[in-house]
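Q: Can you keep this structure in mind? I'll have questions shortly.
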Amino acid sequence: MIEKLKENEDENMKINEELYNYKQYAVLYVDDQQGALDTFKDAFKDMFTIYTAPNAIEGYKILEEKHGEIGIVMSDQRMPGENGDKLLTRIRAQFPDILRIIVTGYSDIGAAINAINSSAIYKYICKPWNMSEVKVTLMHALQFFIIKKQADSLASERLSVLERTLYEEKVKAFGLVTTGISGHVKNSLAAMTKFINLARKKVKGEDLEPDNLNDPDYWNKITNHTVEQINKISEMFDDISLVKKEGASSFKDIVALNETVDNVCKRLKAGFAGHNMTVKNNIPVDLPLMHVDKKRFFKIFELLLKNEINFMPDGTNIVINARVSDEKINGEPLVEIEVKDDGPALPADELRAVFNPFAISKSKNKQPQCGLYLVACFFMAHHHDGDIDIKRESNKGNTFTIRLPIQPTPMSLQSIRNQFLNEVLLNDMLWQRYLARSI
């Protein structure tokens, strides 16, 4: 019977050794006895990644340098200077995810119990060691650490997917509403433009003498400004209307990224010149050709650069770079485009809300602007199976990063929703599997 239990235990050990990479995270052992450190390293170096330290000070230094690599800290209780329980309590405060094991003699068992009660340690090991028991303890501890890491990563991924999907649905709903009302608003704007033109003709028909007017240019100024604002609103509705996704795109248009950005810069040349801005297109001409929905693809860069004109102060310089990334999206090669400016870095609160359609920015030397252009960029990047993000540089400026596949996968909206549902269900299965595993 005992032999059978031993065979089962050995078999379980083999299975666990195959399931887990025990060298993925290291074990740090702290002990003032060099012989104990050498014995520990010789016994377990083939199965675990081992670091050793002769005292608490040296051990803490190693932990600060390599805490991302370490999963377990073992410490002897009785050491000159700082005792093991004190060291592990300090480690818990700064590195709470790392598992802590105390090594103690029977005479120090009270200190080990106190450390356990204060939740400072995961387990204690008594001297003299039973090497087989120490091995099992380390294996179980690393299993626990690895599963917890995976579970934390999975939870973060699930929240990220859910948050992203909810935001995309919000953007799509915004696009549909905007498209629905744009016709009514543009009809009203057209009526206003017609009224202004009639008013101009009426003023000319009266043949008023300039000397009889307090400000001869008043009517010209106010009507020109009004027409300019009406045209701006109408153009903005045209741009935002592209947010509405009409069925699946085949992405049959084949374009060169460098040439597309050049054409966008030419279209916005007057806007850049009016604000003394410069744009440098550093996109390599030998990048692979991209399969796109040409109209929306062009608008990604046009609206992003319009946003720079509207938000950034006069004299801002913009540099555009691109490269083929090592990453892939849905199995397709990925192009990563960076649009960097040297204007003032956006405040953290604005950075979080920059893709919000109703976000308001009050940039220096600029009128308050809302985030409609960027929310359209956000949607059209996702329309191409890509994404867009922004970060503020540490010294000055902001960087937009657009990641787009060279050849997006045509998918219907229903297929996208089904794919998301399948991913959620798969994540739930994995989540339950992690929680159900015995440690």
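Q: Have a look at 51, 60 and point out the one that is within 25 Å of residue 128 (Cβ to Cβ), under 35 Å from the mean Cα position of the chain (by Cα) and not β-branched (Val, Ile, Thr).
A: Working: 60 fails: within 25 Å of residue 128 (Cβ to Cβ).
Within the list 51, 60, the selection yields 51.
Q: Do we find that residue 240 is closer than 24 Å to residue 337 by Cα and either modelled with pLDDT of 85 or more or hydroxyl-bearing (Ser, Thr, Tyr) (or both) in this structure?
A: Working: closer than 24 Å to residue 337 by Cα: yes; either modelled with pLDDT of 85 or more or hydroxyl-bearing (Ser, Thr, Tyr) (or both): no.
Judged against the criteria, residue 240 is not a match.
Q: May I pose another question? Just the residues that are more than 12 Å from residue 280 (Cα to Cα) and buried (at least 20 other Cβ atoms within 10 Å of the Cβ), please, taken from the range 310-321. Show your work before the answer.
A: So in the range 310-321, the residues more than 12 Å from residue 280 (Cα to Cα) come out as 310-315.
The answer is 311, 312.
Q: Scan the range 290-308 and tell me whether some residue there is part of a loop (DSSP other than H, G, I, E, B), out of contact with any Phe, Trp or Tyr (no Cβ under 7 Å at 6 or more places or on another chain) and modelled with pLDDT of 90 or more. Show your work before the answer.
A: Of the residues in the range 290-308, the ones part of a loop (DSSP other than H, G, I, E, B) are 293.
Now drop any that are not out of contact with any Phe, Trp or Tyr (no Cβ under 7 Å at 6 or more places or on another chain), which leaves none.
Scanning the range 290-308, I find no residue that is part of a loop (DSSP other than H, G, I, E, B), out of contact with any Phe, Trp or Tyr (no Cβ under 7 Å at 6 or more places or on another chain) and modelled with pLDDT of 90 or more, so the answer is no.
Q: I'd like to check something: does the range 265-283 contain any residue that is at pLDDT 90 or above, within 15 Å of residue 390 (Cβ to Cβ) and part of a strand (DSSP E or B)?
A: No, the conditions are met nowhere in the range 265-283.
Q: Give the residues of the range 24-38 that are out of contact with any Leu (no Cβ under 9 Å at 6 or more places or on another chain) and in contact (Cβ under 8 Å) with a residue 24 or more places away in the chain, sorted by residue number.
A: Taking the range 24-38 and keeping what is out of contact with any Leu (no Cβ under 9 Å at 6 or more places or on another chain), we get 26, 32-38.
26, 32, 33, 36 - these are the residues of the range 24-38 that are out of contact with any Leu (no Cβ under 9 Å at 6 or more places or on another chain) and in contact (Cβ under 8 Å) with a residue 24 or more places away in the chain.
Q: So the check is Cβ under 7 Å with 6+ separation or different chains; which pairs have a first residue in the range 368-382 that's under 14 Å from residue 301 (Cβ atoms) and part of a helix (DSSP H, G or I) and a second one that's at pLDDT 80 or above and among the β-branched types (Val, Ile, Thr)?
A: Listed pairs, sorted by first residue: 377/300; 377/388; 378/388; 380/300; 381/300; 381/388; 381/402.
The values are calculated or read from the model by the stated rules, or taken from the named source; none is laboratory data. Fair warning: this is a prediction, and the values are worked out from it, not measured in the lab. Note that each Cβ is placed from the backbone with ideal geometry, even for glycine, and that neighbours are counted across all protein chains shown.
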